[in-house]
Amino acid sequence: MNKAEYDMKMQKIVNDISTYRVLKRDPTNKLQGKNNEIVEKMYANKIIDLKEKNYLTCKTANPPRIYGLPKIHKEGVPLRPICSSVNSPSYKLCKYIVRVLKNITMSSKYNVKDAIEFKNKIGNTHIYDDESLVSFDVVSLFPSIPVDLAIEIIDSKWSLIKEHTSLTRELFLTTLKYCTKENRCFKYNDKIYEQKSGMPMGSPASPVIADIVMEELLNEFEKDSDSKPRLLTKYVDELFAIVKTEDIDKMLNTLNNFNKTLKFTIEVENEGQLPYLDTLIIRKENALTVEYFRSLSPFALTL
C-alpha cells in the first residue's frame with residue numbers, strides 16, 4: 001500500500017481512545033532510571049554479576065515505535081499494530097524476567113508448539129457420533145490480557161517460580177510490574193502514546209504473560225465446567241477441542257465468562273472438516289486425518 005493509505009490506517013489505530021491515550025511527556029528517561037534502579041538492586045543483592053549488570057543497564061533508551069503489519073489475507077488489508085521494543089528502557093530486563101517465567105509454562109498439558117506436535121497429540125483419537133470438532137480464538141489476545149489478573153496469577157505461583165530465580169518475591173514482583181504495567185508507551189509520528197490496558201504486541205514479555213493467563217483459564221475451565229471437552233489443546237490464542245455437540249454453546253459461554261476482557265470466537269467443523277494451526281482436520285467416519293501445507297505442497301498425516 002502507499003504511504004498515505006498506511007498512515008491513514010495507523011492514525012485510525014492510535015486515535016482509538018478506548019485503547020490508547022496521548023501522553024504530554026515522554027516517559028523514556030524516567031523508565032530508563034527505573035530500569036537501572038532495579039538492576040542496581042539486583043547487583044547489590046548479588047543476584048547478578050557485574051557482566052550481567054552492565055548488560056541489563058540501559059544507557060541510551062528510545063521509546064518503542066509502533067508500526068502496522070498488513071493482514072493481506074483479510075478484506076481491506078487492515079493493519080496489526082506491533083510495538084518494536086528493541087532498545088526501549090525495559091527490553092533487556094523483560095527478557096530476563098521472561099527466562100524465569102518460562103519455567104512455569106513448560107509443563108503445560110494443553111500447549112502444542114507446531115503442527116507436528118499437534119498431530120502427535122491427537123494421534124489415534126477416536127471421535128464419536130455425538131461429538132464435534134471445534135476451535136476457539138481469542139479476539140486480540142495481547143491487548144486483552146488482564147494485566148492485574150496476570151500478576152495475581154503469577155504471584156500465586158511463587159513457590160514454583162522461586163526455584164528458578166535468586167530474586168526476592170518483592171523484587172521479582174517489582175520487576176514484573178515494571179515490565180508489564182509501566183512499559184506500555186510508544187512513539188508514532190513524533191507523538192508519544194500509551195496503551196491503556198493489556199500488553200503490547202512486540203514486548204518480549206507479552207507471549208509468556210498471555211500463555212500463563214490462558215493456562216490458568218483452561219485449568220479453571222476444566223475444574224469448574226460440567227461441559228468438559230474430551231480433548232483440548234492450545235496454540236497461543238487458538239484452542240482446539242473435541243466436545244459433545246450439545247455442549248458447544250455452553251463451553252463458549254464458560255470461556256467468555258472467565259474475564260470480561262477476554263472474548264472468544266468459535267468455529268465448528270463444516271462437512272467434517274475444520275482448519276486449525278495451518279492444518280485441515282478431516283473427519284471420516286470415526287477417524288481423523290490431518291492435512292497441512294509446506295512449501296505449497298499438501299500432504300496428509302493419517303492419524
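For region 165-211, which positions are out of contact with any helix residue (DSSP H, G or I) (no Cβ under 6 Å at 6 or more places or on another chain) and among the basic types (Lys, Arg)? Within region 165-211, Lys177, Arg184, Lys187, Lys191, Lys196 qualify. Inclusion of Leu23 among residues that are modelled with pLDDT of 95 or more, within 25 Å of Ser140 (Cα to Cα) and open to solvent by less than 50 Å² (accessible area, probe 1.4 Å) is warranted. Of the listed requirements (1) in a helix (DSSP H, G or I); (2) touching an Asp or Glu at 6+ places or on another chain (Cβ under 8 Å); (3) surrounded by 14 or more Cβ atoms within 10 Å (Cβ to Cβ), Leu232 misses just one: (1). Of the helices (runs of 4 or more DSSP H) lying entirely inside region 100-173, the ones with 2 or more residues being open to solvent by less than 30 Å² (accessible area, probe 1.4 Å) are found at 115-122, 141-144, 147-156.
Based on what the data block shows, is Ala287 under 14 Å from Asp130 (Cα atoms) and either touching a helix residue (DSSP H, G or I) at 6+ places or on another chain (Cβ under 8 Å) or at pLDDT 90 or above (or both)? Against the criterion (under 14 Å from Asp130 (Cα atoms) and either touching a helix residue (DSSP H, G or I) at 6+ places or on another chain (Cβ under 8 Å) or at pLDDT 90 or above (or both)), Ala287 does not qualify. Lys12 meets the conditions (1) part of a helix (DSSP H, G or I); (2) surrounded by 14 or more Cβ atoms within 10 Å (Cβ to Cβ) in every case but one. The failed one is (2).
Within region 103-121, residues that are over 21 Å from Phe221 (Cβ atoms) and of a type outside the set (Asp, Glu) have Cβ atoms under 7 Å from residues that are in a helix (DSSP H, G or I) and modelled with pLDDT of 90 or more in these pairs: Asn103/His164, counting only partners at least 6 apart in sequence or on another chain. Scanning region 79-95 for residues that are more than 14 Å from Met199 (Cα to Cα), assigned to a strand (DSSP E or B) and of a type in the set (Gly, Ala, Ser) turns up nothing. Here Lys260 meets the list (1) assigned to a loop (DSSP other than H, G, I, E, B); (2) crowded, with 20+ Cβ neighbours inside 10 Å; (3) of a type in the set (D, E, K, R) almost entirely, failing just condition (2). Considering region 128-160, and only residues there that are among the hydroxyl-bearing types (Ser, Thr, Tyr) and more than 15 Å from the chain's Cα centre (by Cα), the residue that is farthest from Leu274 (Cα to Cα) turns out to be Ser159. When Glu75 is tested against (1) open to solvent by 70 Å² or more (accessible area, probe 1.4 Å); (2) closer than 30 Å to Thr245 by Cα, just one condition goes unmet, and that condition is (2). Given the condition part of a loop (DSSP other than H, G, I, E, B) and over 18 Å from Val138 (Cα atoms), answer yes or no: does some residue in region 235-255 qualify? No.
The values are calculated or read from the model by the stated rules, or taken from the named source; none is laboratory data. Source: prediction; values computed, not measured. Backbone-built Cβ (ideal geometry, glycine too); neighbour counts: all protein chains shown. With ligands, DNA and RNA removed, areas are computed over all heavy atoms of the protein, side chains included. Shrake-Rupley method; radii C 1.70, N 1.55, O 1.52, S 1.80 Å.
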